[in-house]
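Below is one structure. I have some questions about it.
Read-outs: derived from the displayed coordinates by stated rules, not from any lab. Bear in mind that the values here come from a model prediction, so they are computed numbers and not experimental data. As a convention, Cβ positions derive from the backbone with ideal geometry for all residues, glycine included, and neighbour counts pool all protein chains shown.
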Ligand SMILES: NC(=O)c1ccc[n+]([C@@H]2O[C@H](COP(=O)([O-])OP(=O)(O)OC[C@H]3O[C@@H](n4cnc5c(N)ncnc54)[C@H](OP(=O)(O)O)[C@@H]3O)[C@@H](O)[C@H]2O)c1
């Protein structure tokens, strides 16, 4: 049995949908805090189980019979919360004899900035647990920069960046979710740390691609971080070089190149 957590969220949903393209539904179980939010999966033959990272007993029941569990990292970044929640999940998996845990960590979890510490701690908990595991070090989502907000940049003819011209290796939620599904099946994943990163591009490349796809000139303008709005922290992280290293692991898991900048921009401008 393959068990996927976080199925009411973006990445877990993609993973379970991808699995259902390759694996019979009766071999897949989905874990949700509120199973009613995943009722459509029940209708398609998936065993939807209640599980809350704050409730160890619910997790032991939810993980029973699992050959492999996709542990989608919690979105609750309140200090101390994710290590506790992920620890609960890992303890539950060990208690009920789960064969393997696949964990959605983050790029830089080994040597990155402090806000990644929850992932560093969770990777340590996994290593100490004795449960066979696979770590997916996900880069940031392409959607952080390539999203419907770009319509305004096309209108304005200008895209502001505080990225210092440093390239990013972002990947789409769809690609990262499908890669997670791929790491749940097949052999050779035990003990692997996959650095899941997309092709490199810069915010200036994004402006150029907007120009090409929209047919209207969009100029890149370098500004201080305070002038790029609420995603200033993303630009700061880009400028720090956190996302500037490429890796072939995402392509390896997908069995095809990850979605590139042009395809992502085309999809967003169509929306
Ligand atoms: N790589 C990136 O750029 C990036 C960006 C944002 C987040 N992340 C990380 O990657 C994870 C997955 O991303 P996403 O986009 O799928 O996030 P998302 O859409 O916010 O989904 C989070 C999932 O976690 C579930 N969850 C929250 N608290 C839980 C709990 N106490 N017990 C069990 N499940 C719980 C949510 O369930 P409910 O429906 O019950 O709330 C939801 O299914 C995030 O949680 C976060 O750790 C990565």
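Modelling each spin label as a point 7 Å along the Cα-to-Cβ direction, I'd like the residue 200/residue 76 distance in nm, to one decimal.
The two pseudo-label positions are separated by 3.9 nm.
Counting only helical runs of four or more DSSP H residues, what would the 222 nm mean residue ellipticity of the chain come to if each run contributes -39,500 (n - 2.57) and the total is spread over all its residues?
-11500 deg cm²/dmol
So which residue, out of 183, 62, 38, gets the largest mean-square fluctuation from a GNM of the chain using Cα contacts under 10 Å as springs?
38
Evaluate the relative contact order of the chain (contact order divided by residue number), counting alpha-carbon pairs under 8 angstrom at least 6 apart; express in whole percent.
Relative contact order comes out at 18 percent.
Can you tell me the 0 to 90 degree angle between the C-alpha axis of helix 117-129 and the longest principal axis of the chain, rounded to 10?
Its long axis makes an angle of about 30 degrees.
Taking 10 °C and 1.306 mPa s as the conditions, I'd like the Stokes-Einstein D for segment 1-138 in µm²/s, using the Kirkwood hydrodynamic radius from alpha carbon pairs.
My calculation gives 107 µm²/s for D.
Go from 0 up to the bin containing the longest alpha carbon distance in the chain, width 5 Å each, and give me the % of pairs per bin.
For the chain, the pair-distance distribution reads 1, 6, 13, 16, 17, 15, 12, 9, 6, 3, 1, 0.
I would also like to ask the following. Normalised by the residues of segment 1-138, what does the relative contact order come to in percent, with Cα pairs under 8 Å and at least six apart?
Taking the mean separation of contacting Cα pairs over the length of segment 1-138, I get 21 percent.
Estimate the FRET efficiency between residue 244 and residue 42 by the formula 1/(1 + (r/R0)^6), using the beta-carbon distance for r and 30 Å for R0, to the nearest 0.05.
0.10
Something else about it: Treating the angle as unsigned and between 0 and 90°, give the value, to the nearest 10°, between the Cα long axis of helix 261-270 and the longest Cα principal axis of the chain.
Tilt relative to the chain: about 90 degrees.
Along the Cα→Cβ direction, 7 angstrom out, place labels at residue 127 and residue 34. What is the inter-label distance in nm?
According to this spin-label approximation, the distance is 3.9 nm.
Using a 10 angstrom cutoff on alpha carbons, build the Gaussian network for the chain and name the most mobile of 233, 63, 243.
Comparing 233, 63, 243 in the GNM, the peak value goes to 233.
Return the single residue from 12, 188, 241 with maximal mean-square fluctuation; model: Gaussian network over the chain, springs between Cα atoms under 10 Å.
188
Here's a follow-up. Could you give the length gained by full extension between residue 271 and residue 84, i.e. 0.36 nm per residue of separation minus their alpha carbon distance, to one decimal place?
Full extension of this stretch gives 63.4 nm more.
For segment 92-232, what value does the Rg/Rh ratio take when both radii are computed over Cα atoms and Rh is the Kirkwood radius, given to two decimals?
In segment 92-232, Rg relative to Rh is 1.09.
Label residue 10 and residue 147 with points 7 Å out from Cα along Cα→Cβ: what is the distance between them in nm?
Here the modelled spin labels are 0.7 nm apart.
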